[in-house]
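Inspection log for the structure reproduced underneath, given as structure tokens.
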Amino acid sequence: MTPTEQEEALRSRGLRVTATRLAVLGAVSDHPHATTDTILGKVRHALGTASTQAVYDVLAALTHADLLHRIEPAGHPARYERRVGDNHHHLVCRTCGTVTDVDCSVGHAPCLRPADDHGFVVEEAEVIYWGLCPACRSSVHTEAAQPTI
């Protein structure tokens with residue numbers, strides 16, 4: 001996302017263009033699924049200084065404006081991504097915490113429509129697949145192949 005596209009995205013949502021908002025959008029665009037700490041570091045690197053509270057406030061405002069999507073896998077810190085407006089899902093590595101996008105669930109399970117919606121209007125289904133990424137799986141197989149002394 002270019003700086004001009006970032007500015008247009010902010011204005012289209014009725015948000016003022018500020019250096020912190022642009023830096024946060026840039027950090028998340030460059031580092032999908034980044035944690036708040038990672039984003040804060042990238043923003044401070046880009047701007048020289050930024051308060052933790054300012055970055056949290058910007059993340060909340062951009063998420064509320066649907067410019068960012070926040071995911072929070074169980075037992076992991078919240079992560080942010082620019083991919084919004086679709087119902088994609090995520091793969092999370094149990095070992096290293098790597099997060100990867102998955103376009104959509106296929107097959108019958110897990111179901112994306114509840115058997116009984118209890119009167120709710122369902123707007124979104126969030127599916128997180130848990131497992132081992134290729135690097136961690138390789139590491140586990142390598143460690144298992146090593147003889148113990």
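None of the figures in this text is laboratory data; all of them are computed from the coordinates on show. Given the structure is predicted, the values throughout are model-derived calculations rather than measurements. Glycine gets a Cβ as well: all are built from the backbone with ideal geometry, and neighbour counts include every protein chain shown.
Data table
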read-out	value
Beta bridges per DSSP with both ends in the chain, % antiparallel, nearest 5	70
Computed Rg/Rh of the range 3-71, alpha carbon atoms with Kirkwood Rh	0.91
On Cα atoms only, tilt of 52-64 relative to the major axis of the chain in degrees	80
Contact order relative to length of the range 3-71, as percent, for alpha carbon pairs under 8 angstrom and 6 or more apart	29
Tilt relative to the chain, helix 3-12 - C-alpha long axis, 0 to 90 degrees, to 10	80
Positive-end extreme of charge dipole, the chain - chosen from L67, V43, C133 (charges on Cβ)	V43
Acute angle (nearest 10 degrees) that the helix 134-145 long axis makes with the longest principal axis of the chain, alpha-carbon atoms	30
Over the chain, relative contact order from alpha-carbon pairs under 8 Å, at least 6 apart, %	17
A78-V140 pseudo-label distance in nm [points 7 Å out on the Cα-to-Cβ vector]	3.0
Sum of -39500 (n - 2.57) over DSSP H runs of 4+, divided by residues of the chain (222 nm, nearest 500)	-12000 deg cm²/dmol
Contour minus Cα-Cα distance for C104 and D66 (0.36 nm per residue)	11.7 nm
Three principal axis lengths of the chain [C-alpha, angstrom, descending]	58, 51, 25
Extension gain from R94 to V121, taking 0.36 nm per residue of separation minus the Cα-Cα distance	6.5 nm
